[in-house]
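Have a look at the structure below before the remarks.
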Amino acid sequence: MKILLHHPPREAALKGPKKVLQVLRELEILPDTVLVIRGEELIAEDEIVNDSDTIEVRPVISGG
Amino acid sequence: MRCRKCSAKAIIRLPRHNTAFCPPCFSEYVTDQVQRAIKGDRMFGHAEGVAVAVSGGKDSLVLWEILSRLGYRTLGLHIDLGIGEYSRISQRKVEVFASARNLPFVVHSLRENHGAGITEIAEGVHRPPCSACGVIKRYNMNVIALQHGMPVLATGHNLDDEASRLLGNVLHWQDDYLDKQSPVLPNSHPKLVRKVKPLYRLAEREIAAWAVLQKIDYIVDECPNSVGSKMFVYKDALNRLEDAAPGTKHQFYFQFLDRQKARAQVSPIEPDLRECVSCGQPSTAEICSYCKLVGTLQREAEPALKVLK
């Protein structure tokens, strides 16, 4: 799967299928600090991400 | 994962509430939390105009969207900080959002009005950018809101912002700041607006999720000047605690508010306000923070920068 990351913008790749939560744990990202978006849809942490999918891991933390 | 309310497929889990929601139930939850804040804390009524501080980020655009959907009369206030491409994209997000909904807004450009962007101003006064930015935004937002007849200024501060700010204030025992850290700051002077934070019951992730579900196009990039900000360090610490013990942030902030209310009943906090001898705006000191900043800029940065006022 292709993973689009922010801050700075970059790409990562992982083998699928995997649950969203597992993807985040492998990337060492706290689930509470990001949203995972496939296409334009928000996907939940128990959703399966397949090898052919592209997902955006969008941070939700701002400077306040 | 199923929605705890209607059993449809859930799209978000809220560990701090031990629940999960489908899109419609989540949307209802978010709106309910905002209404609960507005009514429960007596922030404002439908008869009052509400100025909304809008940066182009998720929190402020979500706040503006919810307030306008709830039928409040709003005016967007955007400060163009003059930080190159970041500020141009931010302002564009505000313009597109407002024009799609036919919502009125005002833009105050630091470069146009004061001759310099926030980065140069902060360098000129030898202060961290976020500190100078805070002083300039607070001053201008208050003045502009009142100029447009808006007695209330709403900002998009969320639970994470408030909990991390609280952590910073507690770590440094900043009693003065702790006294003022409230979702509602009454207008303790005729020249001050009432400041309110209707999103304080919602976590940052909940607000971002709602923005995505409602297809609100916000700026995802962070302000370049906020790199290395202490606020990120506090948020990171709290997020690690939250991951280990969901609900920590909520308990930390809400239990602080309970204690603050109890203290205020015993000894109400009356700010000792006078009018700044330089600009006439309310201040706790003889010269307000804004005029002190301007004074430093005039002494140290002229003639490289134009005078701020």
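The values are calculated or read from the model by the stated rules, or taken from the named source; none is laboratory data. A quick note: this is a predicted structure, and the numbers were derived from the prediction, not measured. Cβ atoms come from the backbone with ideal geometry, glycine included; neighbour counts cover every protein chain shown.
Per-structure values
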{"read-out": "Set B:Ala116, B:Ala122, B:Ala132, B:Ala145: member being among the hydrophobic types (A, V, I, L, M, F, W, C), within 26 Å of B:Gln281 (Cα to Cα) and not in a helix (DSSP H, G or I)", "value": "B:Ala116"}
{"read-out": "Meets criteria (small (Gly, Ala, Ser) and surrounded by fewer than 19 Cβ atoms within 10 Å (Cβ to Cβ)) for B:Ala237", "value": "yes"}
{"read-out": "Within the range B:143-166, considering residues that are crowded, with 23+ Cβ neighbours inside 10 Å and of a type in the set (S, T, N, Q), the one farthest from the other protein chains (Cβ to nearest Cβ)", "value": "B:Thr155"}
{"read-out": "Residues of the range B:190-218 satisfying the condition of being surrounded by fewer than 23 Cβ atoms within 10 Å (Cβ to Cβ), touching a Pro at 6+ places or on another chain (Cβ under 8 Å) and either closer than 16 Å to B:Phe21 by Cα or within 12 Å of another protein chain (Cβ to nearest Cβ) (or both)", "value": "B:Leu213"}
{"read-out": "Candidate set from the range B:124-142 (those that are more than 18 Å from the chain's Cα centre (by Cα) and buried (at least 18 other Cβ atoms within 10 Å of the Cβ)); member that is nearest to B:Phe254 (Cα to Cα)", "value": "B:Val125"}
{"read-out": "Any hit, the range B:208-219, residues being in contact with a His (Cβ under 9 Å, 6 or more places away or on another chain) and assigned to a loop (DSSP other than H, G, I, E, B)", "value": "no"}
{"read-out": "Filter pass, B:Asp32 being under 30 Å from B:Val227 (Cα atoms), of a type in the set (Asp, Glu) and part of a helix (DSSP H, G or I)", "value": "no"}
{"read-out": "Test: B:Leu77 is at pLDDT 95 or above, among the aliphatic types (A, V, I, L, M) and at negative phi", "value": "yes"}
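Yes or no, residue by residue, for (1) out of contact with any helix residue (DSSP H, G or I) (no Cβ under 7 Å at 6 or more places or on another chain); (2) farther than 28 Å from B:Ser131 by Cα; (3) within 14 Å of chain A (Cβ to nearest Cβ); (4) of a type in the set (Asp, Glu):
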{"site": "B:Cys223", "(1), (2), (3), (4)": "no, no, yes, no"}
{"site": "B:Val227", "(1), (2), (3), (4)": "yes, no, yes, no"}
{"site": "B:Val233", "(1), (2), (3), (4)": "yes, no, yes, no"}
{"site": "B:Leu238", "(1), (2), (3), (4)": "no, no, yes, no"}
{"site": "B:Asp243", "(1), (2), (3), (4)": "no, yes, yes, yes"}
{"site": "B:Phe252", "(1), (2), (3), (4)": "no, no, no, no"}
{"site": "B:Asp258", "(1), (2), (3), (4)": "yes, yes, no, yes"}
{"site": "B:Glu270", "(1), (2), (3), (4)": "yes, no, no, yes"}
{"site": "B:Lys292", "(1), (2), (3), (4)": "yes, no, no, no"}
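Quick grid of which residues meet (1) within 25 Å of A:Ala44 (Cβ to Cβ); (2) within 14 Å of another protein chain (Cβ to nearest Cβ):
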residue	(1), (2)
B:Lys9	yes, yes
B:Ile12	yes, yes
B:His17	yes, yes
B:Cys22	yes, yes
B:Tyr29	yes, no
B:His46	no, no
B:Ser55	no, yes
B:Tyr72	no, no
